[in-house]
Amino acid sequence: MGNPNVGKSVIFSRLTGVRVIVSNYPGTTVSYTRGETKLGEDTAEVIDVPGTYTLEPTSEAEEVALGMLRTGDVVVNVVNATNLERNLYLTLQLLEKGVPVVVALNMWDDTKHLGIDINLDKLRELLGVPVVPTVAVTGEGIKELVENIPKATSPRLPVRSRDERWAAVGSIIDQVQHVTHRHHTWRESLSDASVKPLSGGIMALVVLAVSFIVVRFIGEGLIGYVFDPLFNNLWAPVLMRLSELLQGGGFLHNIVIGRLIGGEVDFLQSFGLLSSGLYIPFAVVLPYVVSFYLVLSLLEDVGYLPRLAVMVDTLMHRLGLHGYAIIPTLLGLGCNVPAVLATRILESKRERFIAATLISIAIPCAALQAMIFGLVGARGAQYVVIVYGTLFLVWIILGVILRLSVRGFTPELLIEIPPYRLPQWRAMLQKLWMRVYGFLAEAIPIILGAVLVINILYFLGVFEAIANFTAPLITNFLGLPKEAVTAVVIGFLRKDVALGMLAPLALSTKQLVVGSVVLAMFFPCVATFVVLLRELGVVNMLKSTGIMIAAALITGGILNLVL
Amino acid sequence: MRPGQSGIVVQLQGGHGLVNRLSALGIIPGKRITKISSTLMRGPVTVEVDRARVAIGFGMASRILVQLDKGPTK
């Protein structure tokens, strides 16, 4: 356990070898992870928990940490050595609980160049528990930490009031810590600039613009130079051979390869398991997933995100949120599932409801965005701008409506801003790999399943029935052909495949724009649906879903009229 | 308080919840804090306390009473 952003997850990773996502901002870990480590002959279970400043929780994530405390035999209290004073408050609270504690004094290397001198022996004596200096990112001190875990003890300090505890912290600090003055480093100056109104605003715009350009550049590069040539030059001939073997048509042919367009396999329109079923995840979506998470990981590890939260705080308050909600929102641009989970860092239920609803309505995930770039982008960049502009407007307007209609208040922003750090390349690439692997493992079975189901349902004529049933709404109100409803249905499984289903329909550009927006907003995919249910509860999830359907239909209708 | 100025926290004017949240981040009476910056339109204020930077919503920040190094007022 320990304060937020002190490196608990890095230590956990070092102890157990279990890979967890680590970043440079408070609130990266919102849930617990279990792992195992060897303590001499025995194996011990290690649990990584979210950070907390005190044992009085102020958010869902902190409650998770507190809940776990009750189940633990030994607490490894990770402490930020460069900010001993604030961290020791939690340490003292833990010592009062009577659980055996061992303290890991992390970021020990930073104390030297910050001019902080800590008397370790004295600290051990005053706390009465083992204290081990560590540098988790390099692995320094981890062995000593493991050796000291069995020696963990609890001095069972008397329970004190808050003020008494702070006084005790002050007296310990006076005895063990000596700080020499030093000058501002360039990183600190940059840090100051990024939260000042003018320079901070410009920086925020530049960072977001550059991020967007880099994501597109890498994404398009991967598609244009790697995946498209692979599919077109190597895979297409294989499929054509297979098509001949299957006599160019029939039920099996339609499922495996799909319909041939002009005698050729068309990876976006054929819709067979081995054509579109592989092309969509690998050649359309994967490149953007890689490039998006590369840029996001960089921003996370450098420590820019909390500063962005400060800059957008005023705007976010208009939406009934505070600035920190921008972090789950940005995560949502990758995938809505971790984004909804990340809303646990927000303090009130109301904020969590608003944030989760806005994310699942107006924030398209990377997979869907890749399809929007691919399909809508082919008709012209201005149409992509229309899709994004509409979603952004919906985000703002719906936010304002929710702020005015959902009862409760939004607490003010109160966050710690971590120092800028140079990213650890190894850790960053590992995080990128975890996320990309997570995408592949989760998305590909569902995509293939969806393609299979679509083909079978087509064959059985089920879609025809649904399409006829909902035709008035879809055709009159949204101006889409009635077949588009199948896409909306499949959108529940995966939105990228759903958007892909619009490709063979020969839609006009306007219809494609309306279709993309409606699909993006309409219903969360099944994975998001499940997390929403878990995180918000049945009633709020139903409310959230109701808002989604209404908002999607209204927006689609308006777009249909305006464009 | 202007950006760059520092002073000693005298009092936290607010309820239990406010005092709890601020003190969790090390903002307690007797502590030296430095204002780094504020943002437009009553946006959050960034301060430095114990070498850590903390961003605080405007309303909350205005309840932190500070004795400036030269002369009082907030």
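In this assembly, the A-B interface accounts for approximately 2800 Å² of buried accessible surface in total, computed with a 1.4 Å probe and without ligands, DNA or RNA.
Given the pairs A:K349/A:K543; A:K349/A:K495; A:K482/A:K543; A:K112/A:K196, which span a C-alpha to C-alpha distance of over 22 angstrom in this model?
Numbers: A:K349/A:K543 14 Å; A:K349/A:K495 28 Å; A:K482/A:K543 27 Å; A:K112/A:K196 29 Å.
Beyond 22 Å: A:K349/A:K495; A:K482/A:K543; A:K112/A:K196.
Contact with the other protein chains removes 50 Å² or more of accessible area, compared with the isolated chain and a 1.4 Å probe, from these residues of the stretch A:403-443: A:E412, A:L414, A:I417.
Which whole-number value in Å² is the accessible area per residue of chain A, probe 1.4 Å? Numbers along the way, then the final one.
Details: 23770 Å² over 563 residues.
Here the residues of chain A average 42 Å² of exposed surface.
Across the stretch A:336-341, computed HN-Hα scalar couplings (Karplus, 6.51 cos²θ - 1.76 cosθ + 1.60, θ = phi - 60°) run 6, 5, x, 5, 5, 4 Hz from first to last residue, x flagging Gly and Pro. Against the main long axis of the alpha-carbon atoms of chain A, helix A:162-176 sits at an angle near 70°. Using a simple spin-label model with pseudo-atoms 7 Å out from Cα toward Cβ, B:Q67 and A:I396 lie 4.7 nm apart. Summing Cβ point charges (Lys, Arg +1; Asp, Glu -1) relative to the Cα centre of the stretch A:421-499 gives a dipole of roughly 600 debye. Restricting attention to chain A, close to 60% of DSSP beta bridges with both partner residues there are antiparallel.
Computed over the Cα atoms of the stretch A:447-563, pair by distinct pair, the Kirkwood hydrodynamic radius stands at 14.7 angstrom.
Couplings 3J(HN,Hα) for the stretch A:295-307, derived from phi with the Karplus relation 6.51 cos²θ - 1.76 cosθ + 1.60 (θ = phi - 60°), are 5, 4, 4, 4, 4, 5, 6, 5, x, 7, 3, x, 5 Hz, where x marks Gly and Pro.
Provide the gained length on full extension for the span A:I213 to A:F477, in nm with one decimal, where the gain is 0.36 nm per separating residue minus the Cα-Cα distance. Please list the in-between numbers first.
Details: separation 264, 0.36 × 264 = 95.04 nm, distance 3.55 nm.
Gain on extension, A:I213 to A:F477, equals 91.5 nm.
Compared with the dominant Cα axis of chain A, that is its longest principal axis, helix A:197-221 is turned about 50°.
Expressed as a whole percent, the accessible surface of chain A that belongs to carbon and sulfur atoms is 64, based on a 1.4 Å probe. With the charge dipole of the stretch A:103-183 set up from +1 on Lys and Arg Cβ and -1 on Asp and Glu Cβ about the Cα centre, the Cα lying farthest toward the positive end among the listed residues A:T138, A:H113, A:V176 is that of A:V176. Treating r as the C-beta distance of A:T71 and A:A168 and R0 as 35 Å, the FRET efficiency rounds to 0.80. Kindly identify the protein assembly as shown as rounded, prolate or oblate by the Cα gyration tensor criterion: order the square roots of the eigenvalues as a ≥ b ≥ c, call it rounded if a/c is under 1.5, otherwise compare a/b with b/c, prolate if a/b is larger, else oblate. It comes out prolate by the Cα gyration axes. Under conditions of 20 °C and 1.002 mPa s, the stretch A:104-213 yields 122 µm² s⁻¹ as its translational diffusion coefficient, taking Rh as the Kirkwood radius over Cα pairs in the Stokes-Einstein equation.
Classify the stretch A:322-476: rounded, prolate or oblate, from the alpha-carbon gyration tensor (a ≥ b ≥ c, eigenvalue square roots; a/c under 1.5 rounded; otherwise prolate if a/b is larger than b/c)?
Oblate shape, in that a/c is at least 1.5 and b/c is the bigger or equal ratio.
Multiply the residue separation of A:I554 and A:K151 by 0.36 nm, subtract the distance between their alpha-carbon atoms, and state the gained length in nm to one decimal. Can you show the working numbers first?
On the way: separation 403, 0.36 × 403 = 145.08 nm, distance 6.35 nm.
So the chain would gain 138.7 nm between A:I554 and A:K151.
Note on the protein assembly as shown: dipole from Cβ charges, positive end direction compared against A:P328, A:L198, A:V46; the farthest Cα belongs to A:L198. Going by a ≥ b ≥ c, the root eigenvalues of the Cα gyration tensor, does chain B fall in the rounded group (a/c under 1.5), the prolate group (a/b larger than b/c) or the oblate group? It is rounded, given that a/c, with a ≥ b ≥ c, falls under 1.5. Farthest toward the dipole's positive end in the stretch A:334-426, which of A:G389, A:L375, A:G399, given Cβ charges of +1 (Lys, Arg) and -1 (Asp, Glu) about the Cα centre? Final value for the positive-end residue is A:L375.
Size of the dipole of the protein assembly as shown about the Cα centre, Lys and Arg at +1 and Asp and Glu at -1 on the beta carbon, nothing else charged, in debye to 20? Display every interim value, and only then the final one.
Working: 53 positive and 45 negative charges, 282 e Å.
For the protein assembly as shown, the charge dipole is close to 1360 debye.
Let's see if you can work this out: charge +1 on each Lys and Arg Cβ, -1 on each Asp and Glu Cβ, no other charges. What is the dipole magnitude of the stretch A:175-321 about its Cα centre, in debye to the nearest 20?
Numbers: 8 positive and 10 negative charges, 70 e Å.
Roughly 340 debye, rounded to the nearest 20.
Entry for the stretch A:195-331 at q = 0.10 Å⁻¹: log10 I(q)/I(0) = -0.53, Debye formula applied to identical alpha-carbon scatterers, no solvent contribution. Surface composition of chain B: carbon plus sulfur atoms hold 54% of the accessible area, using a 1.4 angstrom probe and ignoring ligands, DNA and RNA.
The values are calculated or read from the model by the stated rules, or taken from the named source; none is laboratory data. Since this is a predicted model, take the numbers as computed values, not measurements. When we count neighbours, we look across all protein chains shown, and the Cβ atoms used for this are built from the backbone with ideal geometry, even at glycine. Please note that ligands, DNA and RNA were not included when accessible areas were found on the heavy atoms of the full protein model with its side chains. Shrake-Rupley method; radii C 1.70, N 1.55, O 1.52, S 1.80 Å.
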